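Structure first, then comments.
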Amino acid sequence: MSKTITKIAVLTSGGDAPGMNAAIRSVVRTCAFHNIECVGIYRGYQGMIEGDFKEMGPRSVNNIINKGGTILKSARSKEFQTQEGREKAYQHLKNANIKALIVIGGDGSFTGAEIFSKEYDFPVMGIPGTIDNDIFGTSHTLGYDTALNTVIECIDKIRDTASSHNRLFLVEVMGRDAGHIALNAGIGAGAEEILIPEENLGLERLLESLQKSKASGKSSSIVVVAEGDNTGKNVFELKEYIEKHLPEYDTRVSVLGHMQRGGSPSCFDRVLASRLGVKAVESLLEGKSNFMAGIDKDEIVLVPLQQAIKGHYPINTELLRVSDIMST
Ligand code: F6P
């Protein structure tokens, strides 16, 4: 184990996700296990630029494993995109005698970590924390499993009222420009149609499918729409389009929005966060840098940050086929 890494800082950055607190807890406890000091940085890179630091011992992370959000807060920092901003951040890390940094966030946060690490030859590790599950090299990002369960709970509730009023509901879910939440939660919630950016089958096909559903005797339907879907219409314009072409449908819209980002993390996310935190700290102590700790076929792996940043986790085409068959 490296003797030079005597103090590690951890921050959360980008959109928050359930499981981030469990990851913070794991990083802090793993540092304590190895007698390494740990510092929490508030508000992501902006807090690093302002020196908004807090020493964190093992007791400082009591009772947070089950809490959504992040006790270190999160932010998006324009100033960190400037060399002057990164220089200020570096000086604060140096003055605090911090020797390495763990960034819990998404691809945007990892990009900042990669640039900073190269500029200052500063050891960094990434932990994938975003509900979008859109990071290459890991089958799961922290928050994704919890978000899926939040979404299916919401759609189950919507289905109650849809079937009571024989309505069609368009439900918009998050994912920025990836359709993982829409596809998996759509199948899990029994949606009749799922629209994702990775596969645009066109509006005509949507109308045909809805007509088929109606003809087969379905009195209500759920269509899950990924926010990044590229039909060229937002979910409200889709409603108008369907009402115009299928006036027999009584259509409503429900945008789930930021409730998908909250809630107590699932057991899967808590365990994943605990595993990734250990991997990130111990990899730094082994002298490694510029990797993301991820999971692949239930094995914890290291993925070069540059790869994690560049790629997207591909949509599972077998799931697309399951979705088609289920809407029979
Ligand atoms: O990246 C996570 C995410 O929730 C996306 O799914 C969503 O598009 C975006 O963040 C929303 O960003 P903000 O919280 O800044 O509105």
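Tallying residues that are over 8 Å from the mean Cα position of the chain (by Cα) and within 12 Å of the ligand (Cβ to nearest atom) within region 128-147 yields 2.
Answer yes or no as to whether Arg76 is open to solvent by 60 Å² or more (accessible area, probe 1.4 Å) and away from the ligand (no atom under 15 Å from the Cβ). Answer is no for this residue.
Here Pro18 meets the list (1) within 16 Å of the ligand (Cβ to nearest atom); (2) closer than 26 Å to Glu79 by Cβ almost entirely, failing just condition (2).
Residues in region 149-162 that are within 13 Å of the ligand (Cβ to nearest atom) and open to solvent by 10 Å² or more (accessible area, probe 1.4 Å): 1 in all. Among the residues of region 290-301, the ones that are surrounded by fewer than 18 Cβ atoms within 10 Å (Cβ to Cβ) and either of a type in the set (Lys, Arg) or not in a strand (DSSP E or B) (or both) come to 2 in all.
All conditions but one from (1) in contact with a strand residue (DSSP E or B) (Cβ under 8 Å, 6 or more places away or on another chain); (2) within 24 Å of Val301 (Cβ to Cβ); (3) open to solvent by 20 Å² or more (accessible area, probe 1.4 Å) apply to Thr138; the one that does not is (3). The condition (being more than 27 Å from the chain's Cα centre (by Cα) and farther than 23 Å from Asp296 by Cβ) is satisfied by just one residue among Ala89, Ala96, Ala75, Ala100: Ala96. Here is a check on your reading of the model: is Arg275 within 30 Å of Asp121 (Cβ to Cβ), at pLDDT 95 or above and either touching a Cys at 6+ places or on another chain (Cβ under 9 Å) or open to solvent by 60 Å² or more (accessible area, probe 1.4 Å) (or both)? When the stated conditions are applied, Arg275 passes them.
The values are calculated or read from the model by the stated rules, or taken from the named source; none is laboratory data. Because the structure is a prediction, the values reported are computed rather than measured. Every residue, glycine as well, gets a Cβ built from its backbone with ideal geometry; the counts of neighbours run over all protein chains shown. Please note that ligands, DNA and RNA were not included when accessible areas were found on the heavy atoms of the full protein model with its side chains. Shrake-Rupley method; radii C 1.70, N 1.55, O 1.52, S 1.80 Å.
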